Amino acid sequence: MTDEPLFNVAHIKLRTAVEGPFERCCIWFQGCILKCPGCINPDLQELRPRHICTLSRLTGIIADARDRFRIEGVTFSGGEPLLQQDLWLLCRNIRTMGLGIIIFTGFLPEKIPRKIRENSDLALAGPYIASRHDDSRFLLGSENKTIIEYSARYHEKLSYFEMASHDIMEEACLGKAGPGEAEIFFNGN
Ligand code: SF4
């Protein structure tokens, strides 16, 4: 047993160019309570233990990505990152490393906790609404989703989310979800 904060992680990609501006580490958390019809990651909705990682372990993985790949920042996706109750502590550690933080959340902007707002740079907030599906912007899913800046770090890079501004590649990640289990996971769109 550990007294450390724990996180329920579905996938980690140490370096990706399709989860926000610059090259980034992306962490997908397991579990979401919003159940948006048409969710792009339905396999990440179930509230079940996946890969349980301590705060220090996750911090170390991100530090390794920074040292090996010179990533600019970290993206949190899911699933619903804000269900990880100690997420702000991970944000604080990431900030200490000099990295930026982008959070994809299904929650509305006013529901994002103060500690998250104070320790991150950008949130892409709101549930996916299939009837308002939006192909004109990258990674935002539906027209209702809003981009919220908590710092000026990505202010000059908001055009990244405009589909027309760059070619989008889908990336395949090969990994194992559990013992004896093969897994192929795609990110980007
Ligand atoms: S908030 Fe995101 S992960 Fe959760 S159900 Fe909606 S689209 Fe899926």
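What follows draws every value from the coordinates through simple rules; no lab data is involved. Just so it is clear, the structure is predicted and the values come from calculations on it, not from any experiment. Cβ placement follows ideal geometry from the backbone for every residue including glycine, while neighbour counts extend to all protein chains displayed.
Worth a mention:
- For peptides 110-120, 136-146, sequence by mean Cβ density within 10 Å, most packed first: 136-146, 110-120
- Percent of beta bridges antiparallel (DSSP, the chain, rounded to nearest 5): 60
- Structure remark: mean-square fluctuation, Gaussian network model of the chain, C-alpha springs under 10 Å; the largest value among Cys26, Cys39, Cys91 belongs to Cys39.
- Neighbour net charge for Gly100 - beta-carbon separation under 10 angstrom, K R +1, D E -1: +2
- P(r) tail for the chain: Cα pairs beyond 23 Å make up 39% of the total.
- Segment Arg68-Lys157, length gained on full extension (0.36 nm per residue, minus Cα span): 29.7 nm
- Under 15 Å, Cβ to Cβ, from Arg68 - net charge with Lys/Arg +1 and Asp/Glu -1: +1
- Exposure proxy order (Cβ contacts within 10 Å, fewest to most) of Glu46, Glu72: Glu46, Glu72
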